[in-house]
Amino acid sequence: MERVSKNFGRKTALNNVGFTSFPGEIHSLIGENGAGKTTLMKVLSGLVVPDRGNIRFKGKEASILTPSDARKEGVGMVHQESLLIPAHTVLENLCLGNRFGSKGNVLPYRKVRIKLEELRDKTGLWMKEDKLIEDLSIGERQKVGILKLLLRDPEILIFDEPTSILAPQEVADLMSLFRRLSRDGKTVIFITHKLNEVIEISDRITVLKQGQVVCRTIPEETDVKKLSKVMIGEEVGANLANSGPVGATVAKLTSVKALGVLGEKKLMDVNLVVRRGEMVGIAGVEGNGQKELAEILSGLRRPDGGTVQLPREIGFIPDDRGGEALIGSFGISENVALGLVKDARFRWGPAMLWGKIEHYVRELITRYGIIATNHQQKVAELSGGNQQKVVLARELKRSQDLLIARNPTQGLDVKATSFFYKQMMQLLGRDFQRDGTEQQAGIVLISSDLEEILMFADEIYVLYNGGLLGVNKCKASKEFIGRLMLAGESGRVMSVKGDGCHEGP
Amino acid sequence: MFESFSIVVFLGTAIRLAVPLVIAALGESITERSGVLNIGIEGSIIAGALCASLAALEWSSIFLGMVFGAIGGGLVAMVFAVFVLGLNADQIIAGTATTMAGLGFTGAIYQARFAATGSVITLPVLRSFEIPYLGEVPILGPIFFQQSITVYFVYLLVPTLWYFLFRTSWGLELRSVGEDPAVAEESGISILFVRFLAIMFGGLLAGLAGAHLALDSGTFIENMSGGRGFIAIAIVVLGRWNPVSIAGAAIFFGAASALQFLFQSSGSDLPFPLFLMLPYLLTLIALSGWFGRTKAPRSLALPWPSKSR
C-alpha cells in the first residue's frame, strides 16, 4: 500500500501511509486508539475507500473498492466486532458470501461440514455448526469469524485485536495458528495493543501514530519499552498502589441465582461481598455468566433467587459499548449527559445546563485524550477505543459507591489503560495526593484479561459455568487460574490440591 | 344447527377466504425478510384487483386477468420502492402513502370508467375444479382438492418459498440483508438490489391476491381490498416470517371470517364480529414471544444506508 490517505469529515484518519507485507510473515500493526490501524486495514479489505493512494498485490496495481474486490485478491479480515448474524446458525453464517465452488444456489451444507472437519484436523479449530450465534460467547463468535475466513482460504489474513477477549490458553492457540498460517506461506497482519504478544510473535512491526507511520522495525531490534515510547511518546508503567485500607461492606450477594430466557441456569448460588476500598476481580471465559452477574451487580436485573444488597451510586461499564453503553447517533456531550441527568450540579429544575455540561465534556475529552473533532461529534464516528473512553469518562464519575466494570480496557491503548487504572485507584481511595476524607468506593472488575486481574484485584474469583470459585491470591499462578477458567472446555476435572490453592472464599 | 357435511363446507370456505390473505402474506413475508416493512401492500392489492378486472373484461380471460393483476400490484410496489430505496424515505410513511394513493387512484379510475354507465361489472369467474383421485378422498378431498387454481398455486408456493428461504444461498442472502445489512454488504451483497427484488416480489403477489379477489367474486368494487393488506401483515407476524406457519395463520384468519358468515346466515344472536377479533388477539399473543424464539428480522423497517452514519 502506498501513500494511502483518508479523511473522515475534518478529521484525518490516514496521512500518506505506506505499508508493505510479504508472504509467510506475521506483521504486527500497533498504535494508540484512533491511530488509524483499523482504518488502514479496512482500506485493504475494501470496507473503506481511500481518498488517495494505491494498493499493489505481487507488484500489480489493484483497485479495491468493495469487499468483493478484496476477496478476489485474497484479502480477508477478522473484525474486532464480529460481522456475524446473531439470529442465524454458525453454518448459515459460514455460507454467507461463500459458495464453496458450487454452481447452483442450493446451500452447500454438506460440503461445508466436510471442510470444517478438515480444518479441525489441521488446526484444531472447531465449533458446533448448528448453534445460533446469539447463543455463543464472544470468544466463540471470534472463532466462527476465524473459521469463516479460513474457509475462504485467503492469502492475506488480517486480525483486528483478536486477543483482547481471550483466555491465556486461547491466546496461545491463536498464536500457534498464526505460526501455522505463516508456515503455509500466508501473510498474517495482526492488529493489537498488547506489546508482549507483538514481540513474541511478529516477524515485522509497523507502528502508526495519528494516521502516520512512525516506526518500522523487527522484534530483535526492539522491546516493549521502546515500542510503547514510540507509540505514545512517553514511558508508561506508573507504580500503582496495590493495597489500602478496607472499609464497610458496600455490596453483598447471597446465594444468588439467575436463569436464562429458556430457564437454563446462568448463575448458581453466587456469594460475593464487596467492601469499600477493595477491588474484587472476577476472571473467566466470556459466556460463563458474566453478563448476568454484571447486570445483577449494577442493579439492571433482579436475581431469580437469593438476596442482593446494593448501594445507590453505581457506575457500570458494560461489555458491549455500542449496544448498551452508548447511543451512536448522539454526540459525545449527549452521551455523557445521559449519565448526569440526576446530578444536581448540571441541572436547574427540569432543565439540563448544557453550557456547564459542554464545559465538563471538553475537560473530559482532554483528560482522557479522546480523539474527536469536537464535543458534538457523533459517537458512532469515533474509533472503538475512543468510544470506550467516553464510557469510562461518564461511568467513573458516577461510581461513588461501586463500580462494575466488564472488560473495561478492551480496545484501549497503553496510555488510556494506565489512565483508567489510576482512576480506579482513586476510586478505591488509594490516591495519596488526596486528603483521605473522600469516600472510598468498591470495584468489581469482571475481565477475561487475567493479567489485569492478577495485577490489581485484592480478591480473585473465577466464574465458570455460572458458579463462582474463590482463589487464593497469594498462591494462585496465572496458569492455574487459566486452567480453572477453561476447566469445562477440556472436559477434565481440575485437581485443585496440586497447585496449593484452596477452593471457596 | 349445522348439518353433518357443513363442517366440510366450512373448512373449504375457510381455505377459499384465506387464499388472498396467504398470497399477500407470503409476498409480504419475503419483503419483510429483506428488512423492509411494506405497509403499502393494501395499495398493491386494490391495484391488482382493478388491473385484473380491466384485463379480464378486455380479453375475457381469467389467465390474463391474473397476469395483469400481478403487474398492477408490482407497479404500485415499484412506486413504494422508489421512495424507500431511492430516496431513503421512512418506510411507514411511504407505505401509508402507497395504501392511500392506491385506494384513491383505483377509485378514480373506476369512477371515470364505469360509474357513468351505472352498471355492475361482470367478470369471468374463477371456477373450482377437482384434482383427480385426491379430490375423491373423503372429507379431505372436498376441503383441499375441490378448489380454484389459485388455491393449488398456494399449495406449490408455500414449500417453494420455504426451500428458497432456508435452503438456497439466495434465501440466506435475503435473510442476512434483513438481519444485518452491514454484514451482508461485507459479504458482497447489494443491499438495495436485494431489497428492490423483495419489494417487487411482495408487490406482484399482493397484486395476484387482488386479482383473486376480483375474479373470485366476479366483480370490482371500490375499496374491495377491505383491509386485507393489513391483515396480511398481521398474518406474517403470527406466522413468524415462516411460509409454512404463515399458511396456517392465514387459514385461521380465513376460518374466522367463514365463522362470521356462518353465524350471520344462521341468524344467530351472537355478536359475530367477535370471531373476527380472535385472530388479532392471537397475533398479539404471538408478538409477546411465547411461541418459540423466532423474532422479527432485526433490521425491519430500518433505513439503509442508515442515517446515523
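Computed quantities for the displayed model
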read-out: Meets criteria (in a helix (DSSP H, G or I) and buried (at least 21 other Cβ atoms within 10 Å of the Cβ)) for B:I251; value: no
read-out: Index of the failed condition, A:F100 passing every other in (1) in a loop (DSSP other than H, G, I, E, B); (2) surrounded by fewer than 16 Cβ atoms within 10 Å (Cβ to Cβ); value: (2)
read-out: Condition broken by B:F193, with the remaining ones in (1) assigned to a helix (DSSP H, G or I); (2) free of Cβ contacts under 8 Å to residues at least 12 places away in the same chain; (3) at the interface with another protein chain (Cβ under 10 Å from one of its Cβ atoms); (4) more than 28 Å from B:F63 (Cβ to Cβ) satisfied; value: (3)
read-out: Out of B:F263, B:F164, sole residue that is over 28 Å from B:L103 (Cα atoms), aromatic (F, W, Y), within 12 Å of chain A (Cβ to nearest Cβ) and out of contact with any Asp or Glu (no Cβ under 7 Å at 6 or more places or on another chain); value: B:F164
read-out: Residues of the stretch A:188-210 classified as among the polar types (S, T, N, Q) and surrounded by fewer than 21 Cβ atoms within 10 Å (Cβ to Cβ), total; value: 2
read-out: Meets criteria (within 14 Å of chain A (Cβ to nearest Cβ), modelled with pLDDT under 75 and exposed (fewer than 12 other Cβ atoms within 10 Å of the Cβ)) for B:G292; value: yes
read-out: Condition met for A:F22 (surrounded by fewer than 16 Cβ atoms within 10 Å (Cβ to Cβ) and in the same structural domain as A:E161 (by TED's automatic domain parsing)); value: yes
read-out: Test: residue in the stretch B:80-88 that is among the small types (G, A, S), surrounded by 18 or more Cβ atoms within 10 Å (Cβ to Cβ) and touching a residue at least 24 places away in the same chain (Cβ under 8 Å); value: yes
read-out: Every residue from the stretch A:183-205 that is among the charged types (D, E, K, R) and outside any loop (DSSP other than H, G, I, E, B); value: A:R183, A:E197, A:E200, A:R204
read-out: Residue count for the stretch A:6-23, restricted to those that are over 10 Å from A:L40 (Cα atoms) and modelled with pLDDT of 85 or more; value: 4
read-out: Test: residue in the stretch B:214-237 that is within 14 Å of chain A (Cβ to nearest Cβ), closer than 29 Å to B:L278 by Cβ and at pLDDT 90 or above; value: no
read-out: Residue tally, condition facing another protein chain (nearest Cβ under 10 Å), at pLDDT 80 or above and surrounded by 16 or more Cβ atoms within 10 Å (Cβ to Cβ), over the stretch A:69-90; value: 11
read-out: Options B:G188, B:G171, B:G178; residue that is within 14 Å of another protein chain (Cβ to nearest Cβ) and modelled with pLDDT under 90; value: B:G188
read-out: Residue within the stretch A:55-72 that is free of Cβ contacts under 8 Å to residues at least 24 places away in the same chain and touching a Phe, Trp or Tyr at 6+ places or on another chain (Cβ under 7 Å) present; value: no
read-out: Within the stretch A:91-105, considering residues that are within 10 Å of another protein chain (Cβ to nearest Cβ) and at positive phi, the one farthest from the chain's Cα centre (by Cα); value: A:F100
read-out: Qualifying position, being in the same structural domain as A:L469 (by TED's automatic domain parsing), at pLDDT 80 or above and surrounded by fewer than 23 Cβ atoms within 10 Å (Cβ to Cβ), among A:G284, A:G289, A:G277, A:G331; value: A:G277
read-out: The lone exception for A:K60 - which of (1) buried (at least 18 other Cβ atoms within 10 Å of the Cβ); (2) away from chain B (no Cβ under 14 Å) it fails; value: (1)
read-out: Every residue from the stretch A:136-182 that is of a type in the set (G, A, S), in a helix (DSSP H, G or I) and within 20 Å of the chain's Cα centre (by Cα); value: A:G139, A:G145, A:S164, A:A172
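The values are calculated or read from the model by the stated rules, or taken from the named source; none is laboratory data. Here the structure is a predicted model, which is why all the values come from computation and not from measurement. Backbone-built Cβ (ideal geometry, glycine too); neighbour counts: all protein chains shown.
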